[in-house]
1. With Val553, Val548, Val575 as the choices, which residue is open to solvent by 10 Å² or more (accessible area, probe 1.4 Å) and of a type in the set (Val, Ile, Thr)?
2. Working only within the range 297-326, note down all residues that are in contact with a Pro (Cβ under 8 Å, 6 or more places away or on another chain), open to solvent by 10 Å² or more (accessible area, probe 1.4 Å) and over 20 Å from Phe128 (Cβ atoms).
3. Every residue in the range 201-233 that is over 27 Å from Ala331 (Cβ atoms) and either open to solvent by 30 Å² or more (accessible area, probe 1.4 Å) or within 14 Å of the ligand (Cβ to nearest atom) (or both), please.
4. All but one of (1) touching a helix residue (DSSP H, G or I) at 6+ places or on another chain (Cβ under 6 Å); (2) open to solvent by less than 10 Å² (accessible area, probe 1.4 Å) hold for Ile169; state the number of the condition that does not hold.
5. Of the conditions (1) in contact (Cβ under 8 Å) with a residue 40 or more places away in the chain; (2) more than 22 Å from Pro603 (Cα to Cα), Arg698 satisfies every one except a single condition; which number is it?
6. Take the range 234-268 and flag every residue that is within 15 Å of the ligand (Cβ to nearest atom), part of a helix (DSSP H, G or I) and among the small types (Gly, Ala, Ser).
7. Looking at the range 537-547, is at least one residue more than 11 Å from Val513 (Cα to Cα) and part of a loop (DSSP other than H, G, I, E, B)?
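The values are calculated or read from the model by the stated rules, or taken from the named source; none is laboratory data. Predicted model, so just to flag it, every value in this text is computed and none were measured. Neighbour counts run over all protein chains shown; Cβ positions are idealised from the backbone, glycine included. Accessible surface areas use protein heavy atoms only, side chains included; no ligands, DNA or RNA. Shrake-Rupley method; radii C 1.70, N 1.55, O 1.52, S 1.80 Å.
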Amino acid sequence: MKTILMNRNQYNVLLILIMVLCFLGCVTNKKSGSQMEVMKEISVDQRVDSLLAKMTLEEKVGQMNLYNGFWDVTGPTPQGGSAKLKYEHLKKGWVGAMLNIRGVENVKEVQRIAVEETRLGIPLLIGFDVIHGYKTLSPIPLAESASWDLEAIRNSARVAATEASAAGINWTFAPMVDISRDPRWGRVMEGGGEDPYLGSKIAKARVLGFQGNDLTKNNTIAACAKHFAAYGFSEAGKEYNTVDIGTSTLYNTVLPPFKAAADSGVKTFMNSFNELNGVPVTGSEFLQRDILKGAWDFDGFVVSDWASINEIIFWGHAKDKRQAAIIAARAGSDLDMEGHVYIQELVQLVQEGVVQESIIDDAVRRILKVKFELGLFDNPYTYCDETNEKENIGHTKHHEAVLDVAKKSIVLLKNQGNLLPLQKEGQKIALIGPLAADKNSPLGSWRIASDDHTAVSVLEGMQQYTGNTLTHHKGVELVVGNTAFIEEVQINTTNRTGIDEAVAAAQTVDVVVMVLGEHGFQSGEGRSRTHLDLPGLQQELLEAVYAVNQNIVLVLNNGRPLAIEWATEHIPAIVEGWQLGTQSGNAIAQVLYGDYNPSGKLPMTFPRNVGQIPIYYNYKSTGRPVDTNDNVFWSHYTDVDNTPLYPFGHGLSYTTFQYSNFKVHGTEFKIGDTIKVTVDVTNTGDYDGKEVVQLYIRDLFGSITRPVRELKGFELVSLKKGETKTIEFKLSNKELGFFNNQGEYIVEAGDFEVFVGGSSITSLQSSFTLK
Ligand code: BGC
């Protein structure tokens, strides 16, 4: 934007002129071209201030009110929020944003009321959970994170934004950047896994994908880093539960991906349902004012989670809505999502002098700023273009893009005897399992705008390969009755019809491909589980088939790490196929047949059993890390190994990679130096392939104890058969320090170990000293 130089008097005259023009514009809602030009020359902050100066208290509080639309519901049905009341409030200018309104026609209608029927004509933010796509779905975010392919992840968010924006949406409630170490928690499907370094890179990629580099374009939308903060540490993995964690975990593990999102320019944050160390976070001044808006200088706004201002009452932190409003507003929750608390309480609270109007002004400024940045004041209907809607949603190029990221998200967990890839001809294959022909589960849980049963199933994907004889047998039902986003899933535990037929089929074939795992609605919000084995009768089916044919390729479809110890011991080939979205079956088939050589790596540890949880790669040593005296007095379980079933960073390929010439270039460094680390990676197998080369450090002694390993670098490298590449990493203060218990980032002198390899348990090791 051009800068205009002017003296103070000229500036004041111009400001008055603009205010008059703006007033006229808002009243008539018809801005002339030249008037718009003048407006655009003024900074967003000036435009916000001039609008704020015209607003009544009611209109300001109205901007802090976010209503759910009239159809989809993504939380408990609110009390007292009838459609009639919402329309009335909309017309009065008492609504700042809406969620779950989609489709140009619908969005246009509410936007029209806001812009053309209210006194000031302030446009609405239209929010939606565009979590891994709109209509054309990418893999669930946890799966995508397994690609470690930041470009692919960014592109997937771009596709999501392109489709959602074409449907009138200008704000997504994503990315979720909650780190979690607990696969019992159903929402791990929505995040980047357990590691703050990987999680931060992914947070950035997703924010940039959604927001692009020009937010005023009609295919970029405002992103929302959620859920701030520590929601992923809910006790016992139980949804909406208490979180009680120490300062070190908060600063070193939970906050980094949020900071990365803020640094990448994310426009909004969403707070969370949990309490943190005794304070419901929606009412946490420490998180929202001190850290986010204070230390981090975040100038966007914070939206509450669905009715979470209300929930401060149920936490036992406020006695009624009035007190909840006081706490949340003071704490810096700017926008009330479907809580009806601010709209009912705040005006009076300000009039009584209990809540300062400056708090309201600050919140409204932040909200208006995002609306200006989206270009909504220049054209409130910028996202409401029917042609764009018709042409973009479900476009073939989006199917290609989500297929690409789906293939990259698949993780080859085990491949004994190179059972995979499958031969393309002359084989008899039985495809067995309740998820084999399922076109619904691969869509995952967050797929409100997508049509049910529209994913390509594994059966359909495999049918593309016609050189083999393929038969299909469901084996057993996974669920009973209908499934829906808001309902509990009923799992079949009694009906064994189909097992015998599947076993008979397995007896006569060369290879059995079994597709087992979780139904799409078994993970996601409100979907915590205490058993992480194969649900229902699937384990029984697996063992029955194994008894007659051990040549089994197990394809898992699931939204979280599973505890599949028996399968790992017995089944020769296991493919983690997650919930891969619209193109799921094609992606899986291409991997099974070797048209795509898998390169995914686990973003989250797979436990042997639920009792090991939380289990994560970057744990602390403890004071008794190993058995030195052959007795029980060391940190372990008596009934299961300390190691995970599959570690963080694990994932195989159809080829093999050899690491050599691992070098830390120097042995002693000063704090502030940049340390060069190099390693040669060679493709030693029979296929071209990709490897995620991972770099970990261990700070051996710290004023705050340090994890046994911490990921500090990775590179996704493509290698042709026989090819060698030298990979270089740099370690500097950014990688070598940590947050102390005062929340300060420090780098300490001391001895460090460095590890490089294809997973977090790599043994290739070197060291250096920081003086
Ligand atoms: C979820 C949020 C979501 C919101 C709106 C809440 O229940 O926790 O992640 O964005 O609903 O659908």
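1. None of the others qualify; the one that does is Val548.
2. Result: Glu311, Trp315, His317.
3. Within the range 201-233, Lys201, Leu208, Asn213, Asp214, Thr216, Lys217, Asn218, Asn219 qualify.
4. With respect to (1) touching a helix residue (DSSP H, G or I) at 6+ places or on another chain (Cβ under 6 Å); (2) open to solvent by less than 10 Å² (accessible area, probe 1.4 Å), Ile169 is out only on (1).
5. (2)
6. Correct list: Ala261 only.
7. Checking the range 537-547: at least one residue is more than 11 Å from Val513 (Cα to Cα) and part of a loop (DSSP other than H, G, I, E, B).
This table checks each residue for (1) more than 23 Å from the chain's Cα centre (by Cα); (2) at negative phi; (3) not basic (Lys, Arg).
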residue: Gln464; (1), (2), (3): yes, yes, yes
residue: Leu470; (1), (2), (3): yes, yes, yes
residue: Lys474; (1), (2), (3): yes, yes, no
residue: Glu487; (1), (2), (3): no, yes, yes
residue: Ala547; (1), (2), (3): yes, yes, yes
